[in-house]
1. Give the cross-link partners of K295 among the aspartates and glutamates, using a straight C-alpha distance below 15 Å as the criterion and excluding same-chain residues fewer than 8 apart.
2. By how many degrees, 0 to 90 and rounded to 10, does the Cα axis of helix 201-211 deviate from the longest principal axis of the chain?
3. Taking Cα atoms, how many degrees apart are the long axis of helix 33-42 and the longest axis of the chain, rounded to 10 and kept between 0 and 90?
4. Among K63/K228; K144/K218; K259/K289; K86/K154; K154/K218; K218/K239, which pairs are too far apart, with a Cα-Cα distance over 28 Å?
5. Applying 1/(1 + (r/R0)^6) with R0 = 51 Å to the Cβ-Cβ distance of C359 and L232, what FRET efficiency is obtained, to the nearest 0.05?
6. Give, in whole angstrom and from largest to smallest, the semi-axes √(5λ) of the equivalent ellipsoid of the chain, with λ running over the eigenvalues of the Cα gyration tensor.
7. How far apart, in nanometres, would the label points at D216 and R276 be if each is projected 7 angstrom from Cα along the Cα-to-Cβ direction?
8. How do Y345, Y310 rank when sorted from fewest to most other Cβ atoms within 10 Å of their own Cβ?
Amino acid sequence: MAKKSRIKSMPFLVKGFSGKKFLSGELPVRGAKNFALKAQAASILFGGDVVLRNMPLIEDVFKMNDLLSSLGVAVDRIGNRSFRFKSPRNLETNLNTDAAKLFRASIVLTGPILAREGRVSFSHPGGCVIGKRPIDVFLDAFQKMGAKARSFKKSYLLEADKLHGADIFLKLPSVTATETLMMTAVLVKGVTILRNCACEPEIVSLAEFLNSFGADIKGAGTHTIVVKGGRLLKNGFFKIPPDRIEAGSFAVVAALCGKNLRIKNCDPSQMMAVLRALEDAGVNIEFDKDALLIKTPRVLKPVDIKTREYPGFATDLQAPFSVLLTQAAGRSLLFETVFENRLGYLSDLNRMGANILVCDPHRAVINGPTKLRGRDMESPDLRAGLAFLTAAMVAEGDSVINNIYNIDRGYEKVEERLNAVGAEIKRI
Ligand code: EPZ
């Protein structure tokens, strides 16, 4: 049974500030969740110790640690934000545990286990509220590398005496498929070419991490990645870079509630799409090397948003940004191109007083500005959860947000950091 969450996930009671600007001070950004999870998984590509620093202390990181432990990896916390990983000679090859089922990111372990042990079994990663999350891109690629795939009612079994290099065109620029196959290819003898890859910064960081300890990966960050592989890496260590999605979420919070808010430990060069959208809405942004100072105009302008693969507007920032669009004076068009079911939360914003017309599973029209009223809400996924937290701070009156386990999955103690700059959020 998956360990229960370590963080008490009681509901949040959030004070609404009726549209006033009240946040001021410094808001620190933590290490990138969507890199940390892959770096943890990458530890099974090494024969020796791997140390990861500046890890975000979030539920998903602890879940990945549990998963790795269940495979036989020794996981030790050696500092507040540092963990050491040491794989056994032979890894457990069964990812059918409850922990893996609830956890889409567990998919990145499949290829490396298959390459190391010649087999892996895993349950079909459950869909979630944002979409059915198929894995056809993964299965197609593993078969091209020589694996035999058998699917059972609830799980898959992949077997391969020896995987071989291949030239693989990904049907979709899937982020975790790109990462999984890049990691798998590190252990596969020969040359693997991956085409139509995702270009997210986390993929570049993963290649940088692996290359600094003996891997030979070229092209990460472009649509074509070439890997020359065939042996375990020795030892490694890496510092997790800042979370561009958390930083982007905080930039939106600052635009709505910031009096004089500085977001620090971030990398603005990875946030250009959302910062550009904020500037189009009339927000004034001062850049430092690793910080942003956000100044809000009296009136926000409407902005049309279309989510795209990186470097386009990140789908993970669609929900937080929609809250800002409810406060913009005019009509904004929202077009979610990446997931087929990631607009569900908009009906909750309407129940708070927003004026949003959902046209189809991908598109909505948001009219503003509208006064939001606090209410009881249920966080459906971590990014919509952050959006509800933002809307609750903008609203008139208090709100209760339930199921904040979702928020704790991706934002480390977010209420402590927001309260430190003027918010009033309590776990009740
Ligand atoms: C990663 O998910 C992120 N998760 C997501 O962040 C992020 O929203 C997403 O990339 C897009 O940027 C992690 O890195 C752990 P995809 P991933 O495969 O890799 C379809 C968050 O909030 N697809 O790029 O699972 C898929 O259904 C999370 O931190 C297939 O059809 O996303 C989706 O519509 C949410 N077949 C599209 O591709 C496949 O085999 C893009 O998904 C794989 C994906």
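Just so you know, all these numbers are worked out from the coordinates, no wet-lab data involved. Every value quoted in this text rests on a predicted model; they were computed, and no experiment measured them. All Cβ positions, even for glycine, are placed from backbone atoms using ideal geometry, and neighbour counts span all protein chains on display.
1. Excluding near neighbours in sequence, the set is E26, E279, D280, E286.
2. 30 degrees
3. 10 degrees
4. Check vs 28 Å cut-off fails for K63/K228; K86/K154; K154/K218.
5. Efficiency, from the Cβ-Cβ distance: 0.50.
6. 38, 21, 20
7. Output for this residue pair reads 3.7 nm.
8. Going from least to most buried by this count: Y310, Y345.
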